[in-house]
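Have a look at the structure below, then the notes.
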């Protein structure tokens, strides 16, 4: 399965440290500056998200959030208000290489980057540390197969 965004918002909750608005051109058009790459992009707030963009209350709870990141009121879903014109760095980002889901269908962890586990599930962490992390000699495809085999053997679902 290819990466599919779950709209959790983790990716954008600190991107205000990376992206800043360099210029407000009016009519919901902005020049965004990337502090890491020193690149600028022109973005436009999606027409169906103007009202969402105008609500800046998210910054009280998430002061480091991307300037275009918002939560829909009454929902746990996060939104990029410039999704249609977002910078390439945002288009290319996937927050997981493999997603680990528990029996209740909830995220139990993620394999990120090459072979890094990010999990708050103590059992997934123990399984990874004991059965997966010590295995270094496998190529990526075989390592992925190992991760899937071991975690599904413990009742988890692994999505690639």
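Assorted remarks:
- Count of the range 67-84 residues which are surrounded by fewer than 17 Cβ atoms within 10 Å (Cβ to Cβ), over 14 Å from the mean Cα position of the chain (by Cα) and closer than 24 Å to residue 37 by Cα: 1
- Options 23, 39, 64; residue that is surrounded by 12 or more Cβ atoms within 10 Å (Cβ to Cβ) and under 27 Å from residue 121 (Cα atoms): 64
- Among the conditions (1) within 30 Å of residue 52 (Cα to Cα); (2) touching a residue at least 60 places away in the same chain (Cβ under 8 Å), the only one that residue 98 does not satisfy is (1).
- Put simply, of 114, 104 the only residue that is in a loop (DSSP other than H, G, I, E, B), surrounded by fewer than 17 Cβ atoms within 10 Å (Cβ to Cβ), in contact (Cβ under 8 Å) with a residue 24 or more places away in the chain and not assigned by TED's automatic domain parsing to the domain that holds residue 33 is 114.
- At least 1 residues being farther than 20 Å from residue 14 by Cβ and without any contact (Cβ under 8 Å) to a residue 60 or more places away in the chain is the threshold, and among the helices (runs of 4 or more DSSP H) wholly inside the range 39-95 those reaching it are 50-54.
The values are calculated or read from the model by the stated rules, or taken from the named source; none is laboratory data. For clarity, every value in this text was computed on a predicted model and none was experimentally measured. Don't worry about glycine lacking a Cβ; one is built from the backbone with ideal geometry, like all the others, and counts go over all protein chains shown.
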